[in-house]
Structure formats: structure tokens, C-alpha cells
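Please treat every number below as a calculation from the coordinates, not as lab data. Note that the structure is predicted; figures quoted are calculated from it, not measured. Reconstructed Cβ throughout: ideal geometry from the backbone, glycine too, with neighbour counts over all protein chains shown.
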Amino acid sequence: MTKSFIITLICSFCLLFCTQSNQQVPLEYEVSSAVKWTMTSAEYQIITEHLYRTATRSIAAIEVPKEPWVVAMDVDETLLNNVEYNRRRDLLGLGYSSESWADWVKEESATPVPGSIEFVTKVLEKGGLIVLITNRERELDSNTWNNLVALGFPVSRNNACIMGRSQADRNSEGTQGMINDKDLRRNQIATGTANYCWKNYPEAQEIWNKPLSIIFEVGDNIKDFSQTTQDNVDTKDFMERISTDVLLLPNAVYGSWE
Ligand SMILES: [Mg+2]
């Protein structure tokens with residue numbers, strides 16, 4: 001009886017000690033290789049800047065249409081680098097969540113993808129417009145805009161419009177003519193029905209309420225390109241378009257390939 005009591009007592013102490021130990025020492029998680037590559041490698045810096053420089057030269061040399069024209073660009077991992085968000089989540093042993101992502105967007109502290117500011121500057125110098133078609137939530141458009149302006153992207157109401165994702169975009173995917181969840185917004189730009197653009201600023205809105213010719217598309221996800229998905233893309237055909245009317249950037253951290 002006495003022996004049994006002593007064993008029970010020792011086990012109780014052990015359990016108590018182990019529990020307290022776990023509470024005091026936070027678990028540490030590794031940062032993924034993809035995040036490390038994006039944050040620290042020379043390769044990421046060189047590849048993205050090289051791709052943007054090539055595209056910037058293409059824009060400089062391109063014969064633009066007489067009618068108003070626009071370059072359609074994604075935002076995340078295209079203009080803005082969010083790898084700090086992924087690093088923080090990795091260290092917590094957690095992945096993406098819409099709540100933590102919204103908090104990150106509201107911080108407005110993403111950094112520019114190398115070469116992207118120079119590319120946007122060249123498009124605007126050439127007389128083009130920029131439409132930012134992003135799957136950040138539409139309610140967060142002002143945060144995204146503030147982040148871009150603070151980094152020195154030369155965007156203004158007269159030369160750029162940001163179109164975050166709405167419920168209508170989600171609902172449109174898979175309906176007639178809408179192959180991916182950005183096709184509706186591209187269609188609105190092309191048909192002069194992007195009424196959302198600067199709707200409280202009549203002079204600026206006028207620019208976007210007329211059909212615009214999308215002459216170039218930029219993104220890090222195959223769905224950033226008109227009518228394209230992982231399943232339907234013809235990679236050889238797509239390759240032929242690089243620097244002619246598309247620019248595809250690397251993203252090893254996340255994408256529609258997952
Ligand atoms: Mg992206």
C-alpha cells in the first residue's frame with residue numbers, strides 16, 4: 001500500500017513537471033525552404049529583376065495601339081513581396097488563414113518585388129494605364145493602395161485602378177466565358193464596365209468607363225492570365241508569349257499548383 005502510494009506520488013510530480021515545462025518553453029518551428037529561398041537567396045533577386053528588366057525593355061519597344069491601353073497586373077508576389085507574412089506563420093507552425101492575412105495586409109508593410117517599380121514606371125511613361133487585379137479582398141483595396149504608394153510606385157487615380165476580389169468574382173468562376181476568378185474583372189476592363197474603379201471620383205472614373213485594350217499581363221500565378229488555369233495551359237504556347245504580352249514571375253511559396 002505504502003509502495004503503491006509512493007509510485008503514484010512520483011508519477012504525479014513527473015506529470016506536473018512535464019506540463020509546466022511545456023508551458024514555459026515555446027515550441028520552435030522551422031521556416032520552410034521556399035520562404036528562405038525567397039527571403040535570402042541571390043537567385044530570387046536576380047531572376048525577378050532579370051524578368052522585369054526584360055519586360056520593361058519589351059514595353060519600351062512595343063508598338064502600342066491608338067486606343068487607350070492597359071497592362072493588367074497581379075499584386076501579391078508580382079508587385080508586393082509578402083514573404084515576411086509567410087515567415088511569421090512558419091515560425092508559429094501555422095499556414096495561411098484569411099484572418100492573419102487580412103491583419104498583414106492592414107500593416108501595409110509588404111516590400112516591392114525587384115524590378116517591379118521600374119516596370120510600372122515605364123508603362124506609365126509610355127502612356128499606358130495599370131489595372132491591379134488582385135485576390136486580396138476588395139474591402140482591403142485602400143490598404144493595398146497605401147502600401148504601393150508608400151513604396152514609390154508612381155500610381156495615381158489618373159493612371160491606375162485597383163480591383164480586389166468580390167463575391168461576384170468568386171461566383172463567376174466556371175460560368176460562361178469565365179475560366180478563372182480574374183476573368184470577370186478583365187472583361188469589365190475590356191468592355192468599359194469597370195464601374196468600381198474610382199466610383200467616387202467622376203473625372204478618374206471616366207477613364208475606366210470606356211473599353212480599354214489589355215496589351216500585357218503580369219503575374220506569378222498561371223491564373224493571373226486571361227482564360228488560363230493549371231489544367232488548360234499549353235506551356236509551349238505560353239512560353240512563346242513571354243515578354244510579348246505576358247510576364248510570369250516565380251513563386252515557390254504558394255500558388256494554384258498546390
Ligand atoms: Mg500573386
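Within the straight-line cut-off of under 16 Å between alpha carbons, the aspartates and glutamates reachable from Lys106 are Asp76, Glu84, Glu137, Glu139, Asp141, sequence neighbours fewer than 8 places apart in one chain being disregarded.
Placing +1 on the Cβ of every Lys and Arg and -1 on the Cβ of every Asp and Glu, with no other charges, gives the range 50-115 a dipole of roughly 260 debye about its Cα centre. For the range 62-88, the residues whose amide N sits under 18 Å from a probe point set 7 Å from the Cα of Val149 along the beta carbon direction are 80. Under the membrane-span-like helix rule (DSSP H runs whose alpha carbons stretch at least 15 Å along the helix axis, mean Kyte-Doolittle hydropathy 0.5 or higher), the chain yields 2-24. Bridge orientation summary for the range 36-248: considering DSSP beta bridges with both residues in this region, about 10 percent are antiparallel.
Spin-label model, Ala168/Lys66: points 7 Å from Cα along the beta carbon direction are separated by 3.2 nm. If only the Cβ of Lys and Arg carry +1 and only the Cβ of Asp and Glu carry -1, the dipole of the range 36-248 around its Cα centre is close to 280 debye. When the chymotrypsin sites (Phe, Trp or Tyr not before Pro) in the range 193-258 are filtered for DSSP coil states and for at most 13 other beta-carbon atoms within 10 Å of their beta-carbon, the remaining sites are Trp257.
Selection among Asn81, Ser256, Leu91 by position relative to the dipole of the chain gives Leu91 as farthest towards the positive end (Cβ unit charges, Cα centre).
Remark: spin-label model distance Arg88-Glu125 equals 3.5 nm, labels positioned 7 Å along the Cα→Cβ axis. Cβ-to-Cβ counts within 10 Å put Arg186, Arg165 in ascending order as Arg165, Arg186, the fewest first. Restriction of the trypsin sites (Lys or Arg not before Pro) in the range 195-240 to DSSP coil positions whose beta-carbon has at most 12 other beta-carbons within 10 angstrom yields Lys199. Relative contact order for the range 36-248: what is it in percent, counting Cα pairs under 8 Å that are at least 6 residues apart? Relative contact order for the range 36-248 comes out at 24 percent. Compared with the alpha-carbon gap, the fully stretched path from Glu43 to Arg157 is longer by 37.6 nm at 0.36 nm per residue.
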